[in-house]
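Next up is a structure, given as structure tokens.
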Amino acid sequence: MDGTWKDMGGGQGGSLADSSGKVTALQECTPRMERFLLDDDVEGTRMTAQGGRLIGKIADATGFGRLAPSKDPAGLRFGLHQ
């Protein structure tokens, strides 16, 4: 994915957004990268109607927006980003 890296500072990781701004990957201080999909419905109303679910609390990330960890019906982890 071509994109722009934005460092969160303080050794906390950062995010990589593609040129469309619709797909973002977030890397925290753990050795994994989480995929986030840009969505104006971070509460997941449309996602849960399709069988997905929120798997954690919606977080307000300063400078990044709101992030909601989620899983699709098959169990694939991703996040919603508003």
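Between Arg46 and Gln82, 0.36 nm times their residue separation minus their Cα-Cα distance comes to what?
That pair, Arg46 and Gln82, stretches by 11.6 nm at full extension.
Oh, and also: Sorted by accessible area (1.4 Å probe), largest first, how do Ser19, Ser70 line up?
Accessible-area ranking of Ser19, Ser70, largest first: Ser19, Ser70.
The values are calculated or read from the model by the stated rules, or taken from the named source; none is laboratory data. These numbers were taken from a predicted model, which means no experiment stands behind them. For accessibility, only protein heavy atoms count, side chains too; no ligands or nucleic acids. Shrake-Rupley method; radii C 1.70, N 1.55, O 1.52, S 1.80 Å.
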